[in-house]
Amino acid sequence: MEEIIQLNSGAKLSPHFTLGEMTKSSSHPEVYNIPSHEAIANLTNLTKWLEVLRKRYNAKYGVGEEPIRINSGYRSPQLNKKIGGVATSNHLTGCAVDIRVLGMEQLLRYATILLDYADESRLDFDELLIEKNRYGAVWLHFAVRPSNNRRKVNFINA
């Protein structure tokens, strides 16, 4: 199958995050994965948190300007089904992101920064999940909804 090209992939959602990186699918580039306007608004809100994470991590631990690497952001229903995502995933509405990390230490530092920011700003998030797959790979799943955030923190061993 042919890769689907998103025309606005270079559009900036924030100073350091583009629509393209928040919607890319390395594993299934042939699957339609173009978000609605509502999902783009949710992604834009989510990148505000990612900008804080990037700034604080680099200020305290970074060497220069280290980017935050996104494994997965928005997922269309087709893509979510193809990768085995849950039917109620926050990824479907553009409210969630999976962040690639260099290991458990970096993951815990990211999680701490996000939790501290939530406390300081009095803003809520929906999920902060430390995830690990059967191959030992770890990543940080982080979600922020427009409302009804649950402030769920958990470790998921898939």
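Brief remarks on what is shown
- Prolate/oblate/rounded label for the chain (Cα gyration tensor, a/c 1.5): rounded
- By the helix-only formula, in which each DSSP H run with n ≥ 4 contributes -39500 (n - 2.57) and the sum is divided by residues, the chain has a 222 nm mean residue ellipticity of -10500 deg cm²/dmol.
- Model label sites at Asn45 and Lys81, defined 7 Å from Cα along the beta-carbon direction, differ in position by 2.7 nm.
- Considering only alpha-carbon pairs that sit under 8 angstrom and 6 or more positions apart, the relative contact order computed for the chain is 19 percent.
- Pair Asn149, Asp119: separation of 7 Å Cα→Cβ label points (nm): 1.5 nm
- Cα-based helix-to-principal-axis angle, 104-121 vs the chain, degrees rounded to 10: 80 degrees
- Taking the DSSP bridge list for the chain and keeping only pairs wholly inside it, about 75 percent are antiparallel.
- Counting only GluC sites (Glu not before Pro) that DSSP places in a loop and that have at most 10 other Cβ atoms within 10 Å, the longest clean stretch of the chain runs over 66-158.
- The chain: angle of helix 37-60 to the longest principal axis, Cα-based, in degrees nearest 10: 40 degrees
- Restriction of the chymotrypsin sites (Phe, Trp or Tyr not before Pro) in the stretch 14-85 to DSSP coil positions whose beta-carbon has at most 16 other beta-carbons within 10 angstrom yields Tyr32, Tyr61.
- Annotated for the chain: lysine pairs at least 8 residues apart or interchain, Cα distance under 26 Å, count 22.
All of the numbers you see were taken from the coordinates with simple rules; none came from a lab. The structure presented is a predicted model; accordingly, all values stated were derived computationally and were not measured. Reconstructed Cβ throughout: ideal geometry from the backbone, glycine too, with neighbour counts over all protein chains shown.
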